Amino acid sequence: MDQLIQTLLFGLSNGFVIALIALGYTLVYGIIQLINFAHGEIYMIGSFMALTVITTAGVSWTDPVGARLVVIVLALMAAMLFAGSINFLVDRVAYRRLRRAPRLAPLITAIGFSFVLQNIGIWWKGARPLQFPALLPPTNILTDWLHLDTTITFSIPMLFVMVVTVPLLLLLRWFVRNTRLGKAMRATAQDRDAAALMGIDVNRTISLTFLLGGLMAGAAGLINGLYNNQVVFNMGFFAGLMAFTAAVLGGIGNLTGAVLGGIFLGLVGALSDSYLQAQWTPAIVFAVLVLVIVFKPSGLLGEQVADRA
Amino acid sequence: MPILELNDVHAYYGHIHALKGVSLSVEEGEIVTLIGANGAGKSTTLRTISGLLRPRLGSIRFQGQRIDGLPPHRVAALRIGHAPEGRRVFPRMTVRENLEMGAFLQSDPAALRQGLERVFTLFPRLQERERQAAGTLSGGEQQMLAIGRALMSQPRILLLDEPSMGLAPTLVELIFDIIVDINRQGTAILLVEQNAHMALSIAHRGYVIQTGQIILSDTAEGLQRNELVRRAYLGEESALAG
Ligand SMILES: Nc1ncnc2c1ncn2[C@@H]1O[C@H](COP(=O)(O)OP(=O)(O)O)[C@@H](O)[C@H]1O
Ligand SMILES: [Mg+2]
């Protein structure tokens, strides 16, 4: 029982990170029907930016809590803004020109940009995996703080994942549902020409969508760094595939679906890691993808409803 | 000065030359209809006015000011309302949200409230359906919503693309009565129709478009009497064939 609960807790933490990345796929697909294959690399770029901020600040786990928290907040903001800007820029210089081209054109461009961004990653931090400073102590909240008699670990890094992710997810949902710009996004996703006739600047709205997706991926970059303590230039590939699968699972275009899909895949991955073997996890994740595409291609919550926040 | 004036407008879809020098005008307070067969270029004319399509040649003036080449959201900002062909409501937004989108450029909440009041007075049915997703409405209700949504921007001119399409005859009459009401409240109207009979019954003037060219222009009565219009657009060809 304890092992199961432990596994689910690990899965939940990973699932939140996947969910943050999955949102970028689903937002962009919802509005321009593009599977943004470069999105995993946006996440990688975000984590590199976070690492740069933390190493530049020169803090480590021996520094006072306050100093570490300040640096973490700065790194989070820098990673989000940088990843958001890069995503916005790629759309501006590449995809926007292809808005009226056949769908395959932006898709292939996205694959191309994923290689470009990976190479920028190599140029920036080299090809080898890097240690991400463990600024969060591995303290087990259950035993060390609450003095519970248990073998289950719920650590500060796990708490951190949830404390940062949940508000971001709620904020994004609120934004898309309630703000003027969010409504413009939903309208554009449902009918681009009709949205333009309402006075919505469609290009600006699409840019905003890329920016938001990038912000979430950047946050995932920092969170994952502090949780798993390792980054590498091609980390976006597998994370991207997981997140894409999560988005398809939840019904691509559907925000709530992407989050639930991410959490589900996190749990499935953790169960497979602990009850089978870790090398089986990718096979199981893709078996899930294949099953969904074969039996319920519109996903579990229905397709193309980025507007159904 | 006409409120809207097209002068020798040419538009293309790739290599397809869809508008071959369209010229027409709408005066303040008028209902002008543009009639023509399927594929003649009626919708393309409206899409070009709204900026969804860029004319390659020619000029479009709104209250004397050139608007050709402006992106659609800038054209909408000049208060040119467009209820497009096929209604194009936002299916997964409620009726209320659709109407709010129509007032996207209205920052004044009082104007939004007045707009809603006006639309609900014209179309009480929409008020009954206020919280319902637009995609679940009937065809007639969606048409009411499309027109209502276009009215929310308090347009100076309203472009209507086949408002009668796919509707039962009694509904068509209802919609056309409301179009007349809207016009009496001071909005100029450019009405595109395949149902020439209905369109000419409410319009002041009309144009006939055929394969991207205006081939006739006259008062509504003149067009109703015109031999070619009677044969080709008012369904009297059977008399000839027989
Ligand atoms: N999106 C499009 N791509 C290519 N050709 C189009 C497109 N839309 C319309 N056309 C062509 O342009 C011409 C005019 O179409 P349209 O303006 O829709 O006619 P109408 O509204 O009078 O029925 C037709 O020949 C039609 O086939
Ligand atoms: Mg048409």
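The values are calculated or read from the model by the stated rules, or taken from the named source; none is laboratory data. All values derive from a computational prediction rather than experimental measurement. Cβ atoms come from the backbone with ideal geometry, glycine included; neighbour counts cover every protein chain shown.
Checked against the criteria, A:G66 does not count as at negative phi, among the small types (G, A, S) and surrounded by 22 or more Cβ atoms within 10 Å (Cβ to Cβ). Note on the stretch A:267-289: residues that are in contact with a Leu (Cβ under 9 Å, 6 or more places away or on another chain) and part of a loop (DSSP other than H, G, I, E, B) amount to 0. Within the stretch A:125-182, being surrounded by 13 or more Cβ atoms within 10 Å (Cβ to Cβ) and within 14 Å of chain B (Cβ to nearest Cβ) holds for A:V176, A:R177, A:L181, A:G182. Condition first: touching a Pro at 6+ places or on another chain (Cβ under 8 Å) and surrounded by fewer than 21 Cβ atoms within 10 Å (Cβ to Cβ). Can you find one or more residues in the stretch A:193-200 that meet it? Yes, that holds for at least one residue.
Look at B:F176 and say whether it is in a helix (DSSP H, G or I), of a type in the set (F, W, Y) and over 28 Å from A:T179 (Cα atoms). So B:F176 fits the description; yes.
Return the residue satisfying two criteria in turn: it lies in the stretch B:31-49 and is within 14 Å of chain A (Cβ to nearest Cβ) and among the hydrophobic types (A, V, I, L, M, F, W, C), and of such residues it is nearest to ligand 1 (Cβ to nearest atom). Filtering first and then ranking leaves B:L46. Annotation note: Cβ proximity below 7 Å between a residue of the stretch B:82-102 that is closer than 24 Å to B:T44 by Cβ and of a type in the set (K, R) and a residue that is more than 14 Å from ligand 1 (Cβ to nearest atom) and at pLDDT 95 or above (sequence gap 6+ or interchain) occurs for B:R87/B:Q142; B:R87/B:Q143; B:R87/B:A146; B:R88/A:D191; B:R88/A:A194; B:R88/B:A146. Among the conditions (1) among the hydroxyl-bearing types (S, T, Y); (2) surrounded by fewer than 24 Cβ atoms within 10 Å (Cβ to Cβ); (3) modelled with pLDDT of 95 or more, the only one that A:T209 does not satisfy is (2). Hey, does the stretch B:125-133 have a residue that's in a strand (DSSP E or B), within 14 Å of chain A (Cβ to nearest Cβ) and either under 16 Å from A:G182 (Cα atoms) or modelled with pLDDT of 95 or more (or both)? Checked the stretch B:125-133: at least one residue is in a strand (DSSP E or B), within 14 Å of chain A (Cβ to nearest Cβ) and either under 16 Å from A:G182 (Cα atoms) or modelled with pLDDT of 95 or more (or both). Can you find a residue that is more than 27 Å from A:W174 (Cα to Cα) and assigned to a helix (DSSP H, G or I) anywhere in the stretch A:243-266? Scanning the stretch A:243-266, I find no residue that is more than 27 Å from A:W174 (Cα to Cα) and assigned to a helix (DSSP H, G or I), so the answer is no. Test B:E117 against the criterion of being acidic (D, E), more than 14 Å from the chain's Cα centre (by Cα) and farther than 28 Å from A:Q190 by Cα, and give yes or no. No, not satisfied.
Would you say B:A196 is of a type in the set (G, A, S), within 30 Å of B:K20 (Cβ to Cβ), away from every other protein chain (no Cβ under 14 Å) and within 13 Å of ligand 1 (Cβ to nearest atom)? Yes: the conditions hold for B:A196. So A:A219 passes all but one of these: (1) assigned to a helix (DSSP H, G or I); (2) more than 14 Å from chain B (Cβ to nearest Cβ); (3) farther than 23 Å from A:L9 by Cβ. Which condition number does it fail? Unmet condition: (3).
Rundown of residues vs (1) in contact with a Pro (Cβ under 9 Å, 6 or more places away or on another chain); (2) more than 14 Å from chain B (Cβ to nearest Cβ); (3) surrounded by fewer than 16 Cβ atoms within 10 Å (Cβ to Cβ), yes/no style:
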| residue | (1), (2), (3) |
| --- | --- |
| A:N224 | no, yes, no |
| A:V231 | yes, yes, no |
| A:L241 | yes, yes, no |
| A:T245 | no, yes, no |
| A:V268 | no, yes, no |
| A:L276 | no, yes, yes |
| A:F286 | no, yes, yes |
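Inspect the stretch B:167-188 for any residue being in contact with a helix residue (DSSP H, G or I) (Cβ under 7 Å, 6 or more places away or on another chain), away from every other protein chain (no Cβ under 14 Å), within 16 Å of ligand 1 (Cβ to nearest atom) and modelled with pLDDT of 95 or more and give the result as yes or no. No, the stretch B:167-188 contains no residue that is in contact with a helix residue (DSSP H, G or I) (Cβ under 7 Å, 6 or more places away or on another chain), away from every other protein chain (no Cβ under 14 Å), within 16 Å of ligand 1 (Cβ to nearest atom) and modelled with pLDDT of 95 or more. Scoring B:G81 on the criteria (1) away from ligand 2 (no atom under 16 Å from the Cβ); (2) facing chain A (nearest Cβ under 9 Å); (3) under 17 Å from A:T188 (Cα atoms); (4) at pLDDT 95 or above leaves a single failure, condition (3).
Quick check on B:V75: is it of a type outside the set (S, T, N, Q) and either within 16 Å of ligand 1 (Cβ to nearest atom) or within 17 Å of the chain's Cα centre (by Cα) (or both)? Spelling it out, B:V75 is indeed of a type outside the set (S, T, N, Q) and either within 16 Å of ligand 1 (Cβ to nearest atom) or within 17 Å of the chain's Cα centre (by Cα) (or both). Among residues of the stretch B:93-123 being within 14 Å of another protein chain (Cβ to nearest Cβ) and not in a helix (DSSP H, G or I), the one that is surrounded by the most Cβ atoms within 10 Å (Cβ to Cβ) is B:A103.
Of all residues in the stretch B:50-72, exactly one satisfies the criterion of being among the hydrophobic types (A, V, I, L, M, F, W, C), buried (at least 21 other Cβ atoms within 10 Å of the Cβ) and more than 16 Å from ligand 1 (Cβ to nearest atom), namely B:F62. Looking across B:M165, B:M144, B:M198, one residue alone is in a helix (DSSP H, G or I), surrounded by fewer than 24 Cβ atoms within 10 Å (Cβ to Cβ) and touching a residue at least 12 places away in the same chain (Cβ under 8 Å). It is B:M198. Among the residues making up the stretch B:137-158, those that are farther than 18 Å from B:I189 by Cα and away from chain A (no Cβ under 14 Å) are B:L137, B:S138, B:G139, B:G140, B:E141. Report yes if B:L216 is assigned to a strand (DSSP E or B), away from ligand 2 (no atom under 16 Å from the Cβ), within 14 Å of chain A (Cβ to nearest Cβ) and touching a strand residue (DSSP E or B) at 6+ places or on another chain (Cβ under 6 Å), otherwise no. Here the answer is no, as B:L216 does not meet what is asked.
When B:P2, B:P55, B:P71 are screened for being within 14 Å of chain A (Cβ to nearest Cβ), farther than 30 Å from B:R231 by Cα and more than 16 Å from ligand 2 (Cβ to nearest atom), only B:P71 passes.
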